[in-house]
Amino acid sequence: MEHTENAISLRGQLTGLPEFSHENHGKRFCRFLLEVRRLSGAADLLPIVAEEALVNDLDPSAGDMIAVTGQIRSHNRRENGVRRLMIFVFATQINVASGEAVNNLDLTGVLCREPVYRCTPLGREICDVMLVVPRAFHRADYIPCILWGRLAQEARDHHVRDLLSIRGRLQSRIYTKLTPDGAIERTAYEVSALEAWFPEPEE
């Protein structure tokens with residue numbers, strides 16, 4: 001099987017107390033939002049899912065920020081008969097910490113859709129790709145990614161089943177969706193690539 005990778009490290013601030021999310025195989029899981037500031041001052045609000053035991057063991061006196069390591073996960077949820085891809089961070093380790101904000105990830109997976117290349121009205125080049133990253137038990141995560149400039153130019157010439165590695169950050173973006181009941185605000189999550197390359201497939 002081709003090499004795949006899915007690792008993310010975050011450090012940010014809680015926007016509220018963790019809340020119960022679900023139970024699976026006798027384990028309880030919590031969900032919370034982590035606010036991670038960018039260098040520009042803008043903030044990404046990232047959903048975190050963690051085993052309840054990891055959250056209960058936190059020591060609030062150890063700092064004013066939360067450090068999370070884990071993986072980016074996805075699942076499809078039906079809303080009013082329409083499937084919606086949900087993106088979140090599955091935490092494998094959580095600590096209370098201090099220091100600067102951190103948002104670093106490494107992904108290697110396979111393109112599962114043809115890249116979509118476009119230019120903004122101001123001439124900025126963008127390429128949207130969907131990366132599928134296999135994990136255990138014959139499951140896989142589908143992760144939307146966005147590449148810029150020279151990286152966008154390189155990605156537009158690749159195709160489904162090509163292997164792609166990305167180093168970047170997970171970001172949130174608010175958009176407006178028109179529905180029969182009117183306009184509603186939603187949040188999209190995507191990987192913004194700082195570096196990207198296409199490794200040769202392993203034999």
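The values are calculated or read from the model by the stated rules, or taken from the named source; none is laboratory data. In this text, all values refer to a predicted model and were calculated from it rather than measured experimentally. In this analysis, Cβ positions are derived from the backbone assuming ideal geometry, glycine residues included, and neighbour counts consider all displayed protein chains. Remember, those area values only see protein heavy atoms, side chains included, never the ligands or the DNA or RNA. Shrake-Rupley method; radii C 1.70, N 1.55, O 1.52, S 1.80 Å.
Quick notes
- Given (1) touching an Asp or Glu at 6+ places or on another chain (Cβ under 7 Å); (2) of a type outside the set (Gly, Ala, Ser); (3) without any contact (Cβ under 8 Å) to a residue 24 or more places away in the chain; (4) farther than 17 Å from residue 85 by Cβ, index of the condition residue 116 fails: (4)
- Leading residue by the ranking (modelled with the lowest pLDDT) among those in region 185-203 that are open to solvent by 70 Å² or more (accessible area, probe 1.4 Å) and out of contact with any Asp or Glu (no Cβ under 7 Å at 6 or more places or on another chain): 203
- Failed item, numbered, when residue 65 is tested on (1) closer than 24 Å to residue 15 by Cα; (2) hydrophobic (A, V, I, L, M, F, W, C); (3) without any contact (Cβ under 8 Å) to a residue 12 or more places away in the chain: (3)
- One residue stands out in region 170-184 among those that are open to solvent by less than 100 Å² (accessible area, probe 1.4 Å) and touching a residue at least 12 places away in the same chain (Cβ under 8 Å): the one that is farthest from the chain's Cα centre (by Cα), namely 175.
- Some residue of region 49-57 being within 17 Å of the chain's Cα centre (by Cα) and among the small types (Gly, Ala, Ser): yes
- Residue check: residue 73 meets all listed conditions (1) crowded, with 16+ Cβ neighbours inside 10 Å; (2) not in a strand (DSSP E or B) but one, namely (2).
- Here region 2-59 is the region considered, the condition is being in contact with a helix residue (DSSP H, G or I) (Cβ under 8 Å, 6 or more places away or on another chain) and either not hydrophobic (A, V, I, L, M, F, W, C) or not in a strand (DSSP E or B) (or both), and the residue that is surrounded by the most Cβ atoms within 10 Å (Cβ to Cβ) is 18.
- Every residue from region 149-184 that is among the hydroxyl-bearing types (Ser, Thr, Tyr), at pLDDT below 95 and under 22 Å from residue 74 (Cα atoms): 175, 176
- Wholly within region 96-162, strands (runs of 3 or more DSSP E) carrying at least 2 residues that are open to solvent by 70 Å² or more (accessible area, probe 1.4 Å): 116-119, 139-148
- For region 129-160, a residue qualifies if it is within 15 Å of the chain's Cα centre (by Cα) and among the β-branched types (Val, Ile, Thr), and the qualifying residues are 129, 132, 133, 143, 146.
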